[in-house]
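Quick note: the coordinates plus some simple rules give every number you see, no bench work behind them. Owing to the predicted nature of the structure, the values given are computational and were not obtained by experimental measurement. Using ideal geometry, Cβ is built from the backbone for each residue, glycine included, and neighbour counts are taken over all protein chains shown.
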Amino acid sequence: MLMHDKANEVRKPFAHQIALYTDDELDHYLGDHGRVVSVQDPENIPPSFAQRLRTTAARSIQNVNSYAVDLNLVAERLQTATTEPNLFCRSPSIATTESLPSQEEQDLQCLHDEMNSYNELVDAGGRPPYPRALLEQFFWTPEKFLDHDHYRDIIMFWRFNSTDRVNFCGCHLLRWSRFRRFQHIVRK
């Protein structure tokens, strides 16, 4: 049941993935997520991307149009709101906070995401960075493949911090999708 609930949640991108967004993609992402950047690994947000976010925020603040406020209307609404008897009553239900998933559950979710990304990449016509038969081995212990020239290059390209787990196919899928969009635009 827990895995089903997790699968329905929107996947948060990794910091290095969102840092690769174009300005248009970033504006679209910020618009969809309430001007908030939420990543799986916030500690890995590059300083250049943080500065880019500051610049984007400053630009959006400059573009905000302000409107005059009718204080009489505000006072009238406040008086109406405070005279309604049950407006501020507390809910009879007790608020609960879900516990954070264990590291094992997070790892299993990441493996599930990697499998989905692998399938999406193949369906999109992309070439996965490794054969399907190696998916779990590559996911759990990519360092075993550092001796192989082809896989070492892939691992070193996508893995910015050697202690973090990387969704190799997810990263590859993101780049492939961008390439396909660019290719589509160029061919028009």
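Please get the size of the charge dipole for segment 11-63, origin at its Cα centre, with Cβ charges of +1 on Lys and Arg and -1 on Asp and Glu, quoted in debye to the nearest 20.
Value, rounded to 20: 160 debye.
Can you give the convex hull volume of the alpha carbon atoms of segment 11-63 per residue, in Å³?
Values: hull volume 3.9 nm³, N = 53.
Value for segment 11-63: 74 Å³ per residue.
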Sort Trp140, Trp176 so that the residue with the fewest other Cβ atoms within 10 Å of its own Cβ comes first and the one with the most comes last.
Trp140, Trp176
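Pick out, in residue order, every one of the GluC sites (Glu not before Pro) in segment 96-188 that is DSSP loop and has at most 13 other C-beta atoms within 10 Å; say none if there are none. Kindly include the intermediate steps, with their values, before the conclusion.
Working: sites: Glu98, Glu104, Glu105, Glu114, Glu120, Glu136, Glu143; in loops: Glu98.
Listed in order of number, the matching sites are Glu98.
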